[in-house]
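S.K.: Take this structure, written in structure tokens, and hold onto it; I'll ask about it next.
Taken together, the values in this text are just the output of simple stated rules run on the coordinates, not laboratory data. On a predicted model such as this, the values are computed, not experimentally measured, just so you know. All Cβ positions, even for glycine, are placed from backbone atoms using ideal geometry, and neighbour counts span all protein chains on display.
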Amino acid sequence: MSERARQLLEIADDELILGWRDSEWTGIAPFLEEDVAFSSIAQNEIGHARALYELAARELGATADELAFDRAPGEYRCSPLVELRLLDWEKTIARHYLYEEADAARLERLKQSNDPEVAGLAAKIDREETYHRLHAQMWFDRLKDEPRFTAALDELRPLLDADRGEHGPELAELWDEMTIVRRSQPAGTTW
Amino acid sequence: MIYEIFRQERKGQPFQHAGSLDAPDRAFAETYAKEFYGRRGESEALWVVPRESILEIDHFVDELNRNYHRVDGYSLKEKLKEARERAGSAAPRDR
């Protein structure tokens with residue numbers, strides 16, 4: 001696999017898995033306005049994953065769906081940060097803040113890419129991420145002096161540099177749920 | 001706190017009420033207003049106003065019934081037309 005495809009898959013996996021985890025708050029966020037905003041962010045991330053998978057799929061002779069759902073959990077290249085099932089809001093917001101910060105730096109690099117498709121997609125994604133960063137920053141400013149929030153930041157920050165090849169049991173559980181409809185259909189089913 | 005959101009669809013157009021949202025402070029109100037009313041190219045600008053800042057007046061006493069004082073209560077154009085008809089003369093541009 002080329003370096004380009006490897007990099008695209010890495011980011012697509014991050015966005016898909018984080019989008020999935022964030023969407024688990026739909027209907028149960030701390031208050032209704034936040035529920036709408038955070039669900040919208042989750043949906044954006046899955047949309048970004050789709051665009052990135054499509055770009056990788058053209059190079060790999062596959063489809064976006066095959067890349068998203070037909071690999072084994074151990075083949076995913078997402079960061080261990082995004083796969084955790086976080087049941088506390090302050091931890092979810094801490095992850096959101098850490099991810100947006102790291103993602104901003106990554107998108108800045110990709111926008112400088114010599115590959116016009118990669119640079120173009122990064123620029124397009126970054127326009128939506130602007131809202132995610134605004135949202136993450138607003139929560140950070142509100143919670144930055146709360147010990148529970150700063151403890152969550154300290155706990156999760158090391159995962160930003162963790163090995164992308166090492167996954168915990170929570171990714172396999174998520175994968176099981178995420179692919180259940182696809183696996184219930186005979187291969188090649190179209191909708 | 002409840003904020004009322006007013007939306008301007010295009011430059012130069014009046015702001016129109018779009019809806020309301022509940023937010024703990026101005027920063028949250030700004031983010032949610034952008035998220036709900038602004039980020040899909042549907043607005044040129046937004047006004048985000050705490051509901052309590054709005055002075056609402058919804059009770060009017062028309063004790064003298066002088067509706068000719070209303071700005072929409074007296075059409076000069078109509079009055080002129082009637083006067084011209086009585087005088088049997090057309091409007092200046094029709095002469």
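S.K.: Considering only A:40, A:60, A:80, whose Cα is most displaced toward the positive end of the charge dipole of chain A, charges sitting on Cβ of Lys, Arg (+1) and Asp, Glu (-1)?
M.R.: So the residue we want is A:60.
S.K.: How big is the convex hull of the Cα atoms of the protein assembly as shown, per residue, in Å³?
M.R.: On the way: hull volume 72.5 nm³, N = 286.
With only Cα atoms used, the protein assembly as shown gives 253 Å³ per residue.
S.K.: Related question: Explain nothing, just the number: dipole magnitude of region A:3-184 about its Cα centre with +1 on each Lys and Arg Cβ and -1 on each Asp and Glu Cβ, in debye rounded to the nearest 20. Can you show the working numbers first?
M.R.: Values: 23 positive and 41 negative charges, 69 e Å.
Value, rounded to 20: 320 debye.
S.K.: Next question. Assuming a ≥ b ≥ c are the square roots of the Cα gyration tensor eigenvalues, decide whether region B:2-53 counts as rounded (a/c under 1.5), prolate (otherwise, with a/b larger than b/c) or oblate.
M.R.: Values: a/c = 2.49, a/b = 1.49, b/c = 1.68.
Here region B:2-53 falls in the oblate category.
S.K.: Along Cα→Cβ, 7 Å out, is where each label goes; now give me the distance between the ones at residue B:51 and residue B:26 in nm to one decimal.
M.R.: Going from the residue B:51 label point to the residue B:26 one covers 2.1 nm.
S.K.: Across the protein assembly as shown, how many lysine pairs, 8 or more positions apart or on different chains, have C-alpha atoms separated by under 23 Å? Please give the number.
M.R.: On the way: A:91/A:144; A:111/A:124; A:124/B:34; A:144/B:34; B:11/B:34.
Step by step, the pairs that qualify in the protein assembly as shown add up to 5.
S.K.: A further question on this structure: Enter the mean number of other protein chain beta carbons within 10 Å of the beta carbon of each residue in A:30-43, as an integer. Numbers along the way, then the final one.
M.R.: On the way: counts 0, 4, 2, 12, 6, 0, 4, 7, 1, 0, 3, 1, 0, 0.
Mean shielding by partner chains, rounded to a whole number: 3.
S.K.: How big is Rg to Rh over region A:1-128, alpha-carbon atoms, Rh as the Kirkwood inverse-mean-distance radius?
M.R.: Values: Rg = 14.7 Å, Rh = 15.1 Å.
Value, to two decimals: 0.97.
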